[in-house]
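Derivation of every value follows stated rules applied to the coordinates shown; laboratory data play no part. Given the structure is predicted, the values throughout are model-derived calculations rather than measurements. Neighbour counts are summed over all protein chains in view; Cβ atoms, including those assigned to glycine, are modelled from backbone coordinates with ideal geometry.
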Amino acid sequence: MMKVIVVGTGYVGLVTGTCLAEIGHRVICIDKDEMKIEKLKRGISPIYEAHLEDMICRNIKEQRLSFSTDMKEVAEDTQVIFIAVGTPSLEDGDVDLSQVEEVAREIGKSLVSYGVIVNKSTVPVGSCVRVAQIIRQNLRKDISFDVVSNPEFLREGTAVYDTFHGDRIVIGSRSKKAVEVLRELYKPFHQKFFITNPESAELIKYASNAFLATKISFINEMANLCEKTGGDIRAVAEGMGMDQRIGNKFLQAGVGFGGACFPKDVKGLLKTGEKYGYDFKIIRQTLAVNEGQKQKPLRILEENIADWKGIKVGILGLAFKPGTDDVREAPALQIIKDLRGKGAQIRVYDPVANASMQSVLQFPITYCNNPYDAVTDCDAVILLTEWPEFQELNLRKIRRLMKRTIFIDGRNVFASEAMGEKGFDYYPMGIGSEETAQRKLKEGVVKVNESEKSNYTSGRTWNQVSTCN
Ligand SMILES: NC(=O)C1=CN([C@@H]2O[C@H](COP(=O)(O)OP(=O)(O)OC[C@H]3O[C@@H](n4cnc5c(N)ncnc54)[C@H](O)[C@@H]3O)[C@@H](O)[C@H]2O)C=CC1
Ligand SMILES: O=C(O)[C@H]1O[C@H](OP(=O)(O)OP(=O)(O)OC[C@H]2O[C@@H](n3ccc(=O)[nH]c3=O)[C@H](O)[C@@H]2O)[C@H](O)[C@@H](O)[C@@H]1O
């Protein structure tokens with residue numbers, strides 16, 4: 001059993017701290033947000049994450065987990081201190097390290113004996129060295145310590161499961177002593193360790209997220225080609241994924257990736273490249289393709305709607321993915337803004353994310369308590385998050401409640417034929433029709449549509465897109 005401090009009780013800090021308590025360590029989670037800490041002390045989780053609240057309550061009761069706003073909790077017997085604060089994007093895409101640097105200063109002032117300081121926040125290469133430097137500058141007396149890079153790979157929505165079933169635990173350190181402390185800390189998780197130097201560990205995190213994001217942009221471009229050629233992206237992805245070198249995960253076409261991390265980390269890696277004089281061309285396009293993908297629902301509507309006066313659009317799903325109430329960089333944010341720009345009336349429903357959308361949107365839209373209310377009298381419906389409950393929707397009822405019949409399925413939840421039979425003008429992502437294939441064959445090979453080309457070249461680029469938060 002070790003005594004552990006976790007600074008930052010967001011998705012990563014809170015889940016890590018709680019899971020470490022669950023495996024027997026004594027954990028104190030610290031956050032400067034007093035309201036958050038007050039709630040947590042009463043066993044209330046500030047985030048929606050499966051199994052988390054039960055685990056928090058159990059570990060508080062069994063006295064392995066406590067919460068505080070005070071760095072004075074760092075004591076003689078503290079062996080490990082995690083830094084798990086936010087590293088958001090700055091305006092120009094660079095990583096804002098101010099929270100990490102602030103915590104490093106606090107740790108320097110609070111340290112009373114040897115400790116391993118673990119950088120769990122996603123930070124650019126070189127940050128371990130920087131954090132060590134800040135701590136050293138703030139020490140009150142001469143104390144030895146090690147700073148280790150230990151990036152986190154959990155996904156929101158399955159954060160607790162991922163912590164217990166991770167594919168690997170990456171530890172970047174040149175100190176054998178620090179590596180041994182972390183091996184001991186994580187031993188009960190029974191996961192593979194990958195030990196490397198801090199710089200490589202820091203790059204592994206960015207490389208992993210950027211690679212996964214690129215995989216998504218790739219499949220989305222294939223989906224766009226499927227629509228023109230009569231292919232079905234679901235079959236293409238399945239057939240590709242059967243090759244074990246490719247793998248069948250992260251090949252789900254849709255309206256693009258969102259979330260607190262993919263967009264910010266891809267921009268962060270691009271910025272790192274720039275700083276070191278390297279233009280990372282592939283991931284620049286990964287972002288550009290993603291921006292184009294988020295505009296797809298609007299492009300479909302523009303083709304179908306001549307006069308936007310009085311147009312009502314219903315949106316099903318706001319969270320950037322199912323299982324979370326997080327709307328950071330969610331495609332829904334951009335799509336809602338685009339629709340507002342057109343003057344459309346917008347009705348939305350999400351099983352858990354209505355409140356978080358309301359807290360970031362600076363203009364009013366209609367939030368509904370159920371999906372049927374959200375589609376009532378609508379000219380078009382756009383599904384943006386594949387919540388399992390949407391699979392159970394009474395589609396005939398939806399059709400009856402709508403004014404017109406446009407249904408854009410941004411996550412390919414339904415089957416084209418069934419939707420057609422029910423009377424929808426159904427627009428899935430990347431599912432071409434036989435008629436398109438025949439028509440294209442008759443017309444011969446067509447030239448690249450210039451307007452589409454410009455979406456990725458002269459059109460909106462990632463750093464021109466404003467965010468709501
Ligand atoms: N959200 C996710 O699924 C994942 C996030 N990451 C990375 O982990 C890091 C943390 O991310 P999240 O947990 O999502 O962030 P978050 O924004 O949800 O939480 C950060 C917390 O740190 C607190 N904080 C900020 N400055 C502080 C200070 N000086 N002292 C004490 N507390 C302070 C904030 O009040 C907030 O509660 C980021 O670098 C992120 O890129 C990595 C893997 C997964
Ligand atoms: O660094 C992070 O924060 C985390 O970022 C992602 O996790 P997360 O953002 O929670 O969610 P994902 O499940 O990866 O989905 C991200 C986005 O990609 C989209 N996506 C995902 C998979 C897919 O096939 N297609 C697709 O469009 C999702 O809809 C979602 O908007 C990574 O999967 C985690 O390993 C990583 O730790």
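Observations on the structure shown:
- Shown in residue order for segment 330-342 are the 3J(HN,Hα) couplings computed by the Karplus curve 6.51 cos²θ - 1.76 cosθ + 1.60 at θ = phi - 60°: 5, x, 4, 4, 5, 5, 4, 5, 4, 5, 5, x, 7 Hz (x for Gly and Pro).
- Maximal additional length on extending the R105-E180 stretch stands at 24.5 nm, based on 0.36 nm per residue less the C-alpha distance.
- Efficiency of FRET between K228 and V112 - r from beta-carbon atoms, R0 60 angstrom, step 0.05: 0.40
- Rounded if a/c under 1.5, otherwise prolate or oblate - segment 139-256, Cα gyration tensor axes: prolate
- The chain, dipole about Cα centre (Lys/Arg Cβ +1, Asp/Glu Cβ -1), debye to the nearest 20: 280
- Kirkwood radius, the chain, all distinct C-alpha pairs, inverse of mean reciprocal distance: 24.0 Å.
- Global form of segment 43-138, assessed from the alpha-carbon gyration tensor, a/c cut-off 1.5: oblate
- For the pair segment 243-309 and segment 376-397, the centres of their Cα atoms are 24 angstrom apart.
- For Y206, Y372, Y278, order by how many other beta-carbon atoms lie within 10 Å, fewest first: Y278, Y372, Y206
- Taking each of K36/K177; K36/K176; K215/K321; K215/K281; K61/K176 in turn, the alpha-carbon distance tops 25 angstrom for K36/K177; K36/K176; K61/K176.
- Helix-only mean residue ellipticity at 222 nm for the chain, each DSSP H run of n ≥ 4 adding -39500 (n - 2.57), per residue, nearest 500: -13000 deg cm²/dmol
- Dipole of segment 25-143 computed with +1 at Lys/Arg Cβ and -1 at Asp/Glu Cβ about the Cα centre; of M35, I56, Q79, farthest Cα towards the positive end is Q79.
- Mean sequence separation of contacting Cα pairs (under 8 Å, at least six apart), scaled by the length of the chain, corresponds to a relative contact order of 12 percent.
- Qualifying trypsin sites (Lys or Arg not before Pro) for segment 190-229 [loop in DSSP, other Cβ within 10 Å: at most 15]: K192
- Gain on full stretching of the segment that runs from Q137 to A235 - 0.36 nm per residue minus C-alpha separation: 29.6 nm
- Here the relative contact order of segment 254-428, from alpha carbon pairs under 8 Å that lie six or more residues apart, stands at 21 percent.
- DSSP beta bridges fully contained in the chain are about 5 percent antiparallel.
- Taking other residues whose beta carbon is less than 12 angstrom from the beta carbon of D307, and scoring Lys, Arg as +1 and Asp, Glu as -1, yields 0.
- Looking at segment 3-205 alone, DSSP beta bridges between its own residues are antiparallel in about 5 percent of cases.
- Across the options G157, Y276, I107, the greatest Cα extent toward the positive end of the charge dipole of the chain (unit charges at beta carbon of Lys, Arg, Asp, Glu) belongs to Y276.
- Rg/Rh for segment 254-428 (Cα atoms only, Rh after Kirkwood) is 1.01.
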